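Just below is one structure, and these are the notes that go with it.
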Number of protein chains: 2
Amino acid sequence: MTTGSTAGPVSIKEVAARAGVSPGTVSNVLNRPHKVADETRSRVEQVIRELGFVRHGSASTLRAGHSRTIGLSLIDIANPFFTDVAAGVEDMAGELGYAVLLGNSAGDHAKEDRNLRVFAEQRVRGLLITPSGDDPRRLDVVRERGIRVVLVDHRAHRPDQCSVAVNDFAGGHMAAEHLLATGATRVAYVTGPFTVRQCRDRGSGAAHAASEAGLDPGSAIEVVEVPAMNARAGQQAAERLVSGRRLPDAIFCANDLLALGLLRGLLQSGVRVPGDVALIGYDDIDFSAASAVSLSSIRQPTHKLGRLATELLIDECENPQTHTHRQILVQPELITRESTRTP
Amino acid sequence: MTTGSTAGPVSIKEVAARAGVSPGTVSNVLNRPHKVADETRSRVEQVIRELGFVRHGSASTLRAGHSRTIGLSLIDIANPFFTDVAAGVEDMAGELGYAVLLGNSAGDHAKEDRNLRVFAEQRVRGLLITPSGDDPRRLDVVRERGIRVVLVDHRAHRPDQCSVAVNDFAGGHMAAEHLLATGATRVAYVTGPFTVRQCRDRGSGAAHAASEAGLDPGSAIEVVEVPAMNARAGQQAAERLVSGRRLPDAIFCANDLLALGLLRGLLQSGVRVPGDVALIGYDDIDFSAASAVSLSSIRQPTHKLGRLATELLIDECENPQTHTHRQILVQPELITRESTRTP
DNA sequence: GGCCCGCGCTGAGACGTTTTAATGAACGCC
DNA sequence: GGCGTTCATTAAAACGTCTCAGCGCGGGCC
């Protein structure tokens with residue numbers, strides 16, 4: 001029934017002409033339907049359907065001064081954590097009638113800048129960003145352009161800015177507390193570089209749990225820092241631990257990939273998990289439940305994180321006067337499986 | 001040095017006024033710099049920097065009739081395969097100066113339609129899509145709107161359309177051939193529903209490899225169809241196989257998640273891999289190398305897939321006259337690890 | 001010296017939408 | 001019947017950029 005499929009884009013004018021009204025009325029039908037008489041409205045809607053009219057977003061943006069698009073700048077789109085966040089963002093944005101412009105910085109500042117520039121050109125309504133690096137000033141440049149920003153997985157450094165992050169301290173605390181509750185007294189914390197805030201916070205949480213349990217964090221928790229946070233690095237950590245003087249009672253890995261690699265290394269060396277060593281990871285990636293010994297882990301509400309951030313951003317954009325800035329800290333969740341089961 | 005940071009958006013006119021030229025000249029500096037005298041050009045560029053001018057993409061799109069944005073519609077952004085494709089797309093699009101609008105259909109036709117509508121409103125220059133379902137007519141609707149489409153991970157059903165896909169037949173062939181070369185004669189093919197084209201094709205490839213090896217595909221390859229393609233389904237398949245009359249010599253899983261779940265199930269039942277049964281997966285996800293027994297797999301050039309598709313799409317958009325439509329079929333690659341190692 | 005040419009720049013629309021002030025019609029009221 | 005009021009609709013102007021016809025100027029050619 002799409003009679004108008006001959007010529008390409010149909011404008012509001014053609015709809016108006018065909019419906020016998022003025023362009024302004026068609027615009028009203030689209031944007032303030034209540035202002036239009038019922039009979040006129042249904043006639044216009046009919047023509048819109050017949051002609052397959054689609055509003056020209058750019059014209060609309062140009063006139064309105066702002067778009068219905070938000071930018072999403074991620075550090076690493078190949079990382080399951082960010083992917084789940086992105087899915088949440090896309091979800092909520094879609095529900096609220098916004099489109100998502102994707103940018104993947106891959107940890108590269110130059111690429112991030114390029115993406116931010118593109119976002120600025122597209123006049124995104126707002127920006128969700130998982131900032132690469134800790135320098136807050138990079139973002140101020142964007143904010144000076146008048147683009148509203150919500151930080152994702154990073155606490156805002158100023159009160160007039162929203163952010164949504166997971167409580168990494170609590171997650172580390174949870175993990176260590178669980179290990180200590182199984183009877184462990186000597187715990188290894190296998191982590192990526194401490195330049196990564198998440199690694200630091202999780203470690204602090206673990207240390208705090210140790211001191212709460214009446215232990216000296218310095219001696220109860222041995223920090224094993226590895227250069228990367230993937231399975232290979234985990235396997236290397238296993239070799240290091242096995243060749244050490246004495247194995248710890250339990251191991252907390254800053255990330256599931258590390259834990260899986262480590263698990264593999266331990267099993268190959270004849271170390272039993274959880275018999276000889278208990279093991280817990282972080283992130284609860286899909287595969288954790290399917291590994292040789294199913295892996296206990298700390299689950300982060302990633303999808304929810306994305307949804308929350310989007311909601312916050314769009315509220316800030318649409319209701320700037322009533323909006324109150326919030327720094328949301330979501331709680332992670334302990335998932336226990338075989339790798340920390342007491343016999 | 002951004003003197004103009006007071007008022008928000010700076011227009012081309014203000015740049016023109018400050019540089020003592022006409023708006024048209026500024027536009028020329030931006031779009032055809034060679035048409036402008038050196039001295040004028042550098043003066044304008046200087047003012048652009050001073051004022052922090054950023055071209056208004058919507059105005060540009062409105063005037064030009066097309067944007068510098070492409071749409072990317074994925075079936076499941078949480079799936080590592082699509083994520084890697086997306087990373088490739090974002091990469092290449094960025095290099096070519098395009099922005100990427102992200103849509104995640106989550107297998108839901110209604111959501112896909114909604115996304116396509118948004119893309120149409122944004123007047124995307126072109127569209128990359130991993131179609132959900134096999135119905136080609138859904139796409140024709142988009143094409144009638146004049147939006148160029150490149151199919152990803154799906155062969156085009158018409159010669160006047162580009163597509164980029166991985167050769168699943170070859171992948172299945174490769175996997176089975178490898179298993180047969182290790183001495184197996186009875187192979188199980190554990191797969192998701194045959195309504196999924198990829199599952200069908202990989203199965204056909206495996207069958208073909210069997211007949212090439214002089215075996216009767218019907219009896220040499222036992223098809224075990226499970227409802228999902230995740231680790232849980234794999235574990236269920238393991239139970240089914242173990243409780244069967246006789247274990248096959250080797251197992252080919254349509255996907256690594258299936259394989260990992262299956263591996264776990266087998267090991268728990270005391271079946272040795274590769275001792276009793278050889279096992280190979282598909283996709284070569286990151287974790288395959290880190291599982292209890294490292295998993296042989298078929299690697300798909302996902303990142304490259306995304307880059308190729310983007311290149312093809314943008315060529316089609318920018319050079320419609322010289323562009324020749326291509327249905328590219330990329331070859332997968334066999335990765336052998338412990339799970340298919342002969343003693 | 002007149003003519004043409006090309007270079008560098010200008011100025012005026014046009015793209016499609018939204019919005020505001022103005023218009024017209026219908027209606028009740030004094 | 002004139003007047004104010006309300007309601008639905010209209011016409012026109014703006015948003016910022018790009019393009020195209022055209023203008024002035026200097027230089028080379030006959």
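Bear in mind these aren't lab numbers, they're just calculated from the coordinates by the rules spelled out. Quick caveat, the model's predicted, so the values are computed rather than measured. Note: ideal-geometry Cβ built from the backbone for every residue, glycine included; neighbour counts use all protein chains shown.
Within the range B:204-222, residues that are in a loop (DSSP other than H, G, I, E, B) sit with their Cβ atoms under 7 Å from residues that are not aromatic (Phe, Trp, Tyr), at 6+ positions apart or across chains, in these pairs: B:Ala213/B:Leu180; B:Leu215/B:Thr185. Could you grab me the full set of residues in the range B:223-249 that are assigned to a strand (DSSP E or B), touching a Gly at 6+ places or on another chain (Cβ under 9 Å) and β-branched (Val, Ile, Thr)? Of everything in the range B:223-249, just one residue is assigned to a strand (DSSP E or B), touching a Gly at 6+ places or on another chain (Cβ under 9 Å) and β-branched (Val, Ile, Thr), namely B:Val223. Within the set B:Ala237, B:Ala231, the sole residue that is within 12 Å of chain A (Cβ to nearest Cβ), buried (at least 24 other Cβ atoms within 10 Å of the Cβ), under 28 Å from the mean Cα position of the chain (by Cα) and small (Gly, Ala, Ser) turns out to be B:Ala231. Would you say B:Asp76 is of a type in the set (Asp, Glu), crowded, with 18+ Cβ neighbours inside 10 Å and away from DNA strand C (no atom under 16 Å from the Cβ)? For B:Asp76, the condition - of a type in the set (Asp, Glu), crowded, with 18+ Cβ neighbours inside 10 Å and away from DNA strand C (no atom under 16 Å from the Cβ) - is not met. When B:Val21, B:Val29 are screened for being over 18 Å from A:Phe119 (Cα atoms), touching a Lys or Arg at 6+ places or on another chain (Cβ under 9 Å) and away from DNA strand D (no atom under 11 Å from the Cβ), only B:Val21 passes. Scanning the range B:32-55 for residues that are within 14 Å of DNA strand D (Cβ to nearest atom) and exposed (fewer than 12 other Cβ atoms within 10 Å of the Cβ) yields B:Arg32, B:His34, B:Lys35, B:Ala37. Restricting attention to the range B:27-71, the residues that are of a type in the set (Gly, Ala, Ser), within 12 Å of DNA strand C (Cβ to nearest atom) and in contact with a Ser or Thr (Cβ under 7 Å, 6 or more places away or on another chain) add up to 1.
When A:Arg326 is tested against the conditions (1) under 24 Å from the mean Cα position of the chain (by Cα); (2) crowded, with 19+ Cβ neighbours inside 10 Å; (3) more than 14 Å from chain B (Cβ to nearest Cβ), the lone failure is (2). If the condition is being more than 38 Å from the chain's Cα centre (by Cα) and either surrounded by 17 or more Cβ atoms within 10 Å (Cβ to Cβ) or not in a loop (DSSP other than H, G, I, E, B) (or both), then the range B:21-31 contributes B:Val21, B:Pro23, B:Gly24, B:Thr25, B:Val26.
Kindly evaluate B:Ser27 against the criterion of being under 30 Å from B:Ile147 (Cβ atoms) and more than 12 Å from every other protein chain (Cβ to nearest Cβ). Taking the combined requirement at face value, the residue satisfies it. Comparison of B:Leu263, B:Leu267 shows that the only residue that is within 13 Å of chain A (Cβ to nearest Cβ), touching a residue at least 40 places away in the same chain (Cβ under 8 Å), out of contact with any Phe, Trp or Tyr (no Cβ under 8 Å at 6 or more places or on another chain) and closer than 16 Å to B:Gln236 by Cα is B:Leu263. Across the range B:106-115, the qualifying residues are those that are in a helix (DSSP H, G or I) and at the interface with chain A (Cβ under 10 Å from one of its Cβ atoms), and the one among them that is surrounded by the most Cβ atoms within 10 Å (Cβ to Cβ) is B:Asn115. The set of residues in the range A:88-105 being at the interface with another protein chain (Cβ under 9 Å from one of its Cβ atoms), closer than 23 Å to A:Arg197 by Cβ and among the small types (Gly, Ala, Ser) consists of A:Gly103 alone.
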